[in-house]
1. Do we find that residue 138 is touching a helix residue (DSSP H, G or I) at 6+ places or on another chain (Cβ under 6 Å) and within 14 Å of the ligand (Cβ to nearest atom) in this structure?
2. Working only within the range 203-221, note down all residues that are outside any strand (DSSP E or B) and at pLDDT below 90.
3. Output yes when any residue across the range 633-649 is in a loop (DSSP other than H, G, I, E, B), touching a strand residue (DSSP E or B) at 6+ places or on another chain (Cβ under 8 Å) and either crowded, with 16+ Cβ neighbours inside 10 Å or modelled with pLDDT under 85 (or both), and no when none is.
4. Would you mind finding the one in 595, 600 that is modelled with pLDDT of 70 or more and either in contact with a strand residue (DSSP E or B) (Cβ under 9 Å, 6 or more places away or on another chain) or assigned to a helix (DSSP H, G or I) (or both)?
5. How do the pairs read when you match residues in the range 654-678 that are at positive phi and away from the ligand (no atom under 16 Å from the Cβ) with residues anywhere that are assigned to a helix (DSSP H, G or I) and modelled with pLDDT of 80 or more, using Cβ under 9 Å and keeping only pairs 6 or more apart or on different chains?
6. Are there helices (runs of 4 or more DSSP H) fully within the range 303-407 with at least 3 residues that are within 16 Å of the ligand (Cβ to nearest atom)? List them.
7. Considering only residues that are touching a strand residue (DSSP E or B) at 6+ places or on another chain (Cβ under 8 Å) and within 16 Å of the ligand (Cβ to nearest atom), which ones fall in the range 258-284?
8. On the given criteria, is residue 163 over 23 Å from residue 84 (Cβ atoms) and surrounded by fewer than 22 Cβ atoms within 10 Å (Cβ to Cβ)?
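The values are calculated or read from the model by the stated rules, or taken from the named source; none is laboratory data. Just so we're clear, the structure is a prediction, and the values are computed from it rather than from any experiment. FYI the Cβ positions are ideal-geometry reconstructions off the backbone, even for glycines, and counts take in every protein chain you see.
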Ligand SMILES: Nc1ncnc2c1ncn2[C@@H]1O[C@H](COP(=O)(O)OP(=O)(O)OP(=O)(O)O)[C@@H](O)[C@H]1O
């Protein structure tokens, strides 16, 4: 097995890398400089944690905060990694000497320390070897970043000392300017640049308007109580210390064990508060944004912003602290309208008008985020310059909460016309005052009281009109912009077009969702957003849910007794998998994603005992089969009720994401809650299997998604004729050009099998008529009857087999049908049966013969294949041997296939 992968499993317990991790690790090992720009919680740390363990030389990591370094060192030690830190807070004076002698795998340093430590330290350590010099939170180097640290600027000095050591800059700040600054300031030499997506699909985004006061705080406290009862960690970010204190007090009054963190607390109390929160001793943290960068706790389930943040950059960073372990989590932003007028206050200390304008514009963007009626994820990602193809993400309040709608054409006409009359010289207040019939001095002076629109909008409150104005801004009918330091609104070209179609007695319909003050009442459907509690989201039975809670408690107690944070032992996700599978042996425990070797050796017996005892109490059997589940919160608005289907969990899940939630194939494949992304082809296969099970599929959309064009269809038809049958895919594929892929052929053939009504596709109205366009004229799909395969000889048998093989690679729970696999004419698993001649010799299974044999098989082997191959040993001895080898991490089991590490 690849060394990087075995380090990943041995030390971190994970089976596969997340996107970009492996590439970056490989480049670092090749000594290439790297720049890693990936979202908060996407797994950047692993990029610098793995190489030192592979090349067995110290990795230096510069990190801006002592608390952050301490947490990282604590977690790494729990993985059996020799980690330490050097800073003014380090009280063990022997560390520097040990570090110099290369005794640590990973050594953290503050930038100050890195720049001031004597050069002899570096030259001594260089003799032992340095695998990398990583600068974490590298945006601190840039004055454009939101956390500029002047000491970071001096790190380039070390370049002349650390010759031949790869430099790695890591940040979650996306802007070009910051990236450019990092590359320049660290003098990165032809760096390998990895820029990941900033989408965090497991995070739900929601916004609520509130009115400041005890009444709302009581509501908030009630909500937090529910979270606490579910064992969830929450951060509440406030804009003022006064709010922090008020909310903290209210939480404490109802007996919630909360922590508090703000700039006026002394350093010690802040540290203690941080420590207790990270160690799950306090479940809620009420804080100002001073509680910042160093929060490395993976299992925060909710981040609430009590007040609109200054800008979306900070909001993304702060809200991004939740759900770092990939489990469904929620980010709620509560705003009051007065938050939006704080621009002057934020800009008060700034000298130049440009800086003031920048602050106002940033706040305006945050305001637009609060008031948008469209998908919040799309809004956020597009703010960071990332394209989000879908219109709806299915995981924010605007995509999930059903809102009342009403035709607002008349009111929109009045407001747009009034703003038009004001010629974009004012903000929203002036036209609203005109509509409401104000006779204020400035209105009279400008003779706005003479306008025919004056007083026509008296029926609604000013705030109602503001809410409408903001909707029209978010829908592009109005433009809001900062002129000098004032916000003005004007009618956009889309608004002009609307106005052009209106007459005083007629306006074309403009149906808008009733949000904020527009809403008389919001209907929340019974199936609206649910940030599922841990047990719900994993599809636990009641008893399994209880077991999960008990195991969390068990982990907390164990962490307390060894003086570490529970997450440092293993993540919540791993505890979930344990609760679902209830392993009875160390080998099975080791096989769970997220369980590392250190955990098995040090605490394996403890965990197994607890699992056995608690499962018995709850009447749960041991060694259950895990069911693939995703944890992402999503819209629950079933279009089709799937009562009974033979589809496996993974396939049904994929179909639901596609059919009910409108997610793209790529998004389904890379769903973060998976232990590893699956191939897009596999997703297509799942959808085809769903279609064959009778579930509805939008064929036009599927053809578009995979690029199945009309000319491809003709080519496939021709190829089938040439191949003489549609029984096997390979001969068909051989007749086709490269760009026509197996999924194209499979989709075409499945449509045939399903007897898809060609007219139904046509009537969906996607017809484009352009040559070579994606297929949309279903009549082109008609197949000469001679080549339509009957159900028995149809290549679906092969398709299904192929999909089984793919599932086997990615979904451990999917049973592998060995017979089918062996029938399939590919080289993959056939290696197993290719070796059949060995059967004449009686082969004995020994530790080395099993490992060697498995090493020679890319696709591993099942127990049956093992018994067949090692025909000189009996089943019991082979099973026992496999269990020992699993325990030693020499081999591992995925689904029912054994593979060499
Ligand atoms: N390959 C993997 N498989 C499963 N979990 C992983 C993998 N890589 C990282 N993780 C987990 O993801 C979580 C976040 O990782 P990490 O702390 O490295 O994020 P980050 O990108 O450094 O975030 P930040 O910018 O906030 O520091 C951690 O709990 C980590 O254990």
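1. Criteria met by residue 138.
2. Residues satisfying the conditions are 210, 211, 212, 213, 214, 215, 216, 217, 218, 219.
3. yes
4. 600
5. Cβ pairs passing all conditions: 662/701.
6. The helices (runs of 4 or more DSSP H) meeting that bar are 312-319.
7. Within the range 258-284, 274, 277, 280 qualify.
8. In short, yes.
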